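Participant: Sharing a structure with you now.
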Amino acid sequence: MPDDNKPVALIGAIQFNLVKRGTAVATEQTLVIIKPDGLVKSLTGNILSRLSETKLIIIGAKIVRVTEALAKEHYKHLSDKPFFGELVEYIMGDVHNTHRVMALIYQGDGAISKVREIVGDTNPEKANPVSIRGAYGRITTTGVFENVVHASSSTEDAEHEIKLWFKPSEIVGDIYPTKDVVREKVHEKDWA
């Protein structure tokens, strides 16, 4: 008889666990980004406290200086929108003069829906007022949603975004297939 809490299958980003009633519960990963406006307003602690209500675990976290290439790839699905340029500047930190974001990977049963419920609607004006975006977000006069956080919207988006923002070595555990790569002539900054 299998242990009810042991994983029984790993499919992409979703790991299925048996529960006592015989139904499957999806263990998912989701990317959360505390955007520059959240950092400049010192909302990091408040946001992390709210996200802790999900009872999910953090398996990756880092501060990132967002390059233009990373910003454009992250928002590629919005590249045809008239506000795309301003959105890229926003996530890069140009709008708030702080060129950093905090990227986190949360993992657990139903991670995507749990995080999105606490985060709230993308549009801060439509978001539940007690959600993170409802409490702290705003819409600029040009129509950009300064909604403080990003949260993956599906398992496919989560996998794409996590692979975009994190290297496998920056994550606790193997959540996606990896391969060993030997790199030559790699130049990195190191401590002097």
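The values are calculated or read from the model by the stated rules, or taken from the named source; none is laboratory data. Note that the coordinates shown come from a computational prediction; the quantities given were computed from them, not determined experimentally. Neighbour counts run over all protein chains shown; Cβ positions are idealised from the backbone, glycine included. Areas reflect the complete protein model, heavy atoms only, side chains present, ligands, DNA and RNA absent. Shrake-Rupley method; radii C 1.70, N 1.55, O 1.52, S 1.80 Å.
Participant: Apply the Debye scattering formula to region 29-70, with a single equal point scatterer on each alpha-carbon and no solvent, then give log10 I(q)/I(0) at q = 0.32, 0.33 Å⁻¹.
Facilitator: Values returned for q = 0.32, 0.33 Å⁻¹ are -1.28, -1.30.
Participant: Using a 1.4 Å probe and ignoring any ligands, DNA or RNA, find the accessible area of F83 and quote it in Å² to the nearest 10.
Facilitator: Accessible surface of F83 is approximately 70 Å².
Participant: A further question on this structure: Sorted by packing (mean other beta-carbon atoms within 10 Å per residue), highest first, where do 86-93, 53-60, 166-173 land?
Facilitator: Top of the packing list down: 86-93, 53-60, 166-173.
Participant: How large is the dipole of the chain about the Cα centre if only Lys and Arg carry +1 and Asp and Glu carry -1, each at its Cβ, rounded to the nearest 20 debye?
Facilitator: For the chain, the charge dipole is close to 300 debye.
Participant: Take the cross-link list K41/K114; K81/K167; K114/K185 and give me the ones stretching past 32 Å between alpha-carbons.
Facilitator: K114/K185
Participant: Under the rule of -39500 (n - 2.57) per DSSP H run of 4 or more residues, summed and divided by the residues of the chain, what mean residue ellipticity at 222 nm is obtained, to the nearest 500 deg cm²/dmol?
Facilitator: -7500 deg cm²/dmol
Participant: Classify region 50-148 as rounded, prolate or oblate from the Cα gyration tensor: take a ≥ b ≥ c as the square roots of its eigenvalues, call it rounded if a/c is under 1.5, otherwise prolate when a/b beats b/c and oblate if not.
Facilitator: Oblate.
Participant: Taking the Cβ of I63 as the centre, find all other residues whose Cβ is under 13 Å away and add up their charges (Lys, Arg: +1; Asp, Glu: -1).
Facilitator: +3
Participant: Give the Cα extents of the chain along the principal axes, in whole Å, largest first.
Facilitator: Sorted from largest, the Cα extents of the chain read 60, 51, 35 Å.
Participant: With the cut-off at 16 Å, report for region 123-191 the share of all Cα pairs above it, as a whole percent.
Facilitator: Looking at region 123-191, the distances longer than 16 Å represent 67 percent of pairs.
Participant: Same structure, new question: What does the C-alpha gyration tensor say about the overall shape of region 97-153? Classify as rounded when a/c is under 1.5, otherwise prolate if a/b is larger than b/c, or oblate.
Facilitator: Because a/c hits 1.5 or more and a/b fails to exceed b/c, region 97-153 counts as oblate.
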